[in-house]
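Taken together, the values in this text are just the output of simple stated rules run on the coordinates, not laboratory data. Because the structure is a prediction, the values reported are computed rather than measured. Cβ: placed from backbone, ideal geometry, glycine included. Neighbour counts: every protein chain shown.
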Amino acid sequence: MEIPESSNFIQDIIVNDLQTGKRDHVLTRFPPEPNGYIHIGHAKSICLNFGTAKKFGGFTNLRFDDTNPTKEDVEYVDSIREDVKWLGFEWKEEFFASDYYDQIYAFAEKMIEMGKAYVEDLTRDEMQEYRGNDAGKPSRPSPYRDRSVEENMKLFHEMRDGKYADGEKCLRAKVDLASPNMNMRDPVIYRIKHCTHHRTGDKWCIYPMYDFAHPISDWIEGITHSICTLEFEAHRPLYDWFLIELGLQNRPQQIEFARLNLTYTMMSKRKLLELVQTKAVLGWNDPRMPTVCGFRRRGFTPSSIREFCSRIGVSKADSMVDVNLLYFCIREELNQTANRVMAVIDPVKLVIDNWEAGKVEMIEVENNPNDPNAGTRKVPFSGELYIEADDFMEEPPKKYFRLKPEGEVRLKGAYFVTCKSVEKDDDGKVKVIHCVYDPLSKGGESPDGRKVKGTIHWVSAAHAVDAEVRLIDNLFTLEDPAQVPEGEDWHDYLNPNSMVIKQAKVEPALADAKLEDRFQFMRQGYFCLDSEDSKPGHLVFNRTVGLKDSFNP
Ligand code: ATP
Ligand code: MG
Ligand code: MG
């Protein structure tokens with residue numbers, strides 16, 4: 001295979017490795033911790049890991065990083081599989097880090113044998129104190145640092161056999177207490193935790209720490225490039241140290257990139273879980289959530305998310321990405337692919353007084369002007385319609401081109417109508433707008449060539465179908481809710497209008513809408529059925545994104 005050209009700093013490394021013969025293939029992994037649903041930040045990591053490997057003819061493993069036994073759940077494992085598949089990726093093999101516990105344990109024993117690990121009796125707080133800090137406070141060796149290999153081995157076995165309580169002892173690597181990198185100052189590699197693991201049950205009461213388990217897991221699988229986020233940069237020396245000390249060949253290389261942050265939302269699984277648990281949202285897949293399943297329910301397509309991830313690229317500097325770029329990506333796609341339909345979200349009655357009583361006309365309309373293959377459909381038109389309440393103004397400002405008393409508008413694809421009078425309810429709210437139509441303007445043009453500036457959409461009252469419409473907006477009102485001002489609480493920045501519910505009247509064809517369908521509700525935005533709450537006879541649509549573009553990429 002000819003080596004493709006690099007397009008970012010990660011690919012630079014890979015190209016170099018392939019050219020110099022350091023590697024003859026590429027194997028990456030996506031290693032989620034199954035403690036929550038994956039979000040758009042994980043999607044970036046997925047696109048990067050799978051996309052990069054694929055570009056170089058390689059593969060990607062899915063590895064559930066389940067070394068933290070108390071927080072994990074099978075529900076999350078299932079959802080992660082589903083979401084990765086939905087994004088359009090296939091993994092080569094599936095593993096759990098817990099599959100490697102025996103091997104990781106054996107490597108810990110080997111560290112002890114080599115005099116590179118010792119059993120620690122200090123408490124967490126004491127250890128912290130002995131360790132010093134990176135502001136200049138030097139470290140002191142633990143009084144237990146020079147235990148003999150035999151003693152360490154005996155104690156480690158006792159730890160494994162359940163002789164000690166949580167926190168009573170731990171196993172530390174003997175690295176470098178003088179290192180300016182705190183991660184190198186004898187990190188803990190095994191801790192005691194008496195709990196039931198979701199896969200290994202009660203087999204273990206000691207568990208490896210991430211810094212020890214991760215390089216070993218990567219090596220066992222033969223990962224060539226271990227791509228992770230920037231906060232692990234300072235852990236890389238330790239990652240390498242373990243593999244070198246253990247004498248392992250063909251060592252995987254850790255490469256860091258900047259995590260994705262997106263405006264008006266947050267990526268912390270812990271806080272997202274809280275929103276779910278406190279019912280601030282409908283669930284992990286609430287269409288306002290930044291989760292992959294939330295975006296799916298909201299109507300995003302896998303291709304739009306992949307496009308977004310490709311546009312943002314990878315960098316070595318943390319930054320905030322404008323959520324409007326994501327909206328731009330889905331809007332661009334749906335503008336090409338979504339059929340146009342008419343839906344009146346905030347309906348008011350319009351009666352055509354000179355329409356023949358009971359007459360129904362079928363109006364032929366184009367499904368998608370951007371797709372010549374999309375065809376046309378027939379929409380029933382009659383003398384009683386619904387239009388949007390804000391397409392009529394009794395006392396309009398200048399340059400208001402929609403419907404007003406004695407004003408004329410075009411009803412999309414149908415006729416010109418002129419408003420003659422209104423009926424109001426007791427509160428003075430307009431209830432019915434009375435119009436006359438021009439029978440010669442059929443199809444939306446008049447033979448005398450007179451100009452009508454405004455075109456509004458409509459549905460026939462007798463044929464319209466009721467639908468609940470959910471207007472989705474950003475979950476937070478603050479650009480970066482992870483950074484609330486001092487003394488404030490992020491909860492106060494939840495957007496109270498993030499989901500506005502309306503009772504709409506929609507054209508009858510929408511009664512047969514399917515879950516995979518995407519629609520442009522003319523003049524309103526892009527919509528899809530809600531996968532949880534929409535039922536035959538009770539349609540629920542989510543607005544994926546509005547029509548207006550506030551982003552210039
Ligand atoms: P969180 O802080 O949300 O719990 P995490 O990093 O602990 O995130 P993991 O499940 O461990 O979540 O992440 C799996 C992979 O996805 C890791 O390689 C991680 O670096 C990557 N990842 C997580 N969040 C982001 C993000 N915001 N941008 C890019 N990659 C991310
Ligand atoms: Mg985490
Ligand atoms: Mg993690």
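Values computed for the structure shown
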| item | result |
| --- | --- |
| Cβ-defined net charge surrounding SER217, 10 Å radius [Lys, Arg +1; Asp, Glu -1] | -2 |
| Hz values of 3J(HN,Hα) by residue in the stretch 404-416 - Karplus curve (6.51, -1.76, 1.60), Gly and Pro given as x | 8, x, 6, x, 10, 10, 9, 7, 2, x, 10, 9, 7 |
| Longest segment of the chain lacking GluC sites (Glu not before Pro) that sit in a DSSP loop with at most 15 other Cβ atoms within 10 Å | 169-355 |
| Table column - 3J(HN,Hα) (Hz), the stretch 428-435, Karplus curve with 6.51, -1.76, 1.60, x for Gly and Pro | x, 7, 5, 9, 9, 10, 9, 9 |
| Stretch gain in nm, segment ASP425-LYS453, where the contour uses 0.36 nm per residue and the Cα spacing is subtracted | 7.1 nm |
| Separation of the GLU75 and LYS154 label points, Cα + 7 Å toward Cβ, nm | 4.7 |
| In degrees, nearest ten, helix 40-55 long axis to first principal axis of the chain (Cα) | 70 |
| Pairwise label distance in nanometres, ALA462 with THR196, each label 7 Å out on the Cα-Cβ vector | 6.4 |
| At R0 = 30 Å, FRET efficiency that the Cβ-Cβ distance of ALA165 and ALA106 yields, to 0.05 | 0.75 |
| 5 angstrom amide H check on ASN261, placed H, neighbours 5+ away | SER319, VAL321 |
| Between 0 and 90°, nearest 10: helix 323-337 axis offset from the chain longest Cα axis | 50 |
| Cys residues of the chain counted as unpaired, since no other Cys beta-carbon is under 4.7 Å | CYS170, CYS195, CYS205, CYS228, CYS293, CYS329, CYS419, CYS435, CYS528 |
| 3J(HN,Hα) from dihedral phi, the stretch 384-390, Karplus parametrisation 6.51/-1.76/1.60, rounded to Hz, x for glycine, proline | 10, 10, 10, 10, 5, 4, 8 |
| Mean ellipticity per residue at 222 nm, deg cm²/dmol - from DSSP H runs of n ≥ 4 across the chain, formula -39500 (n - 2.57) | -7500 deg cm²/dmol |
| For THR544, distant residues with modelled amide H under 5 Å away | TYR526, PHE527, CYS528 |
| In degrees, nearest ten, helix 74-86 long axis to first principal axis of the chain (Cα) | 60 |
| Amide H contacts under 5 Å for HIS39, placed H, 5+ residues apart | VAL292 |
| Reachable lysines, given that their alpha-carbon falls under 18 Å from the alpha-carbon of LYS203 and they are not under 8 places away in the same chain | LYS71, LYS163, LYS193 |
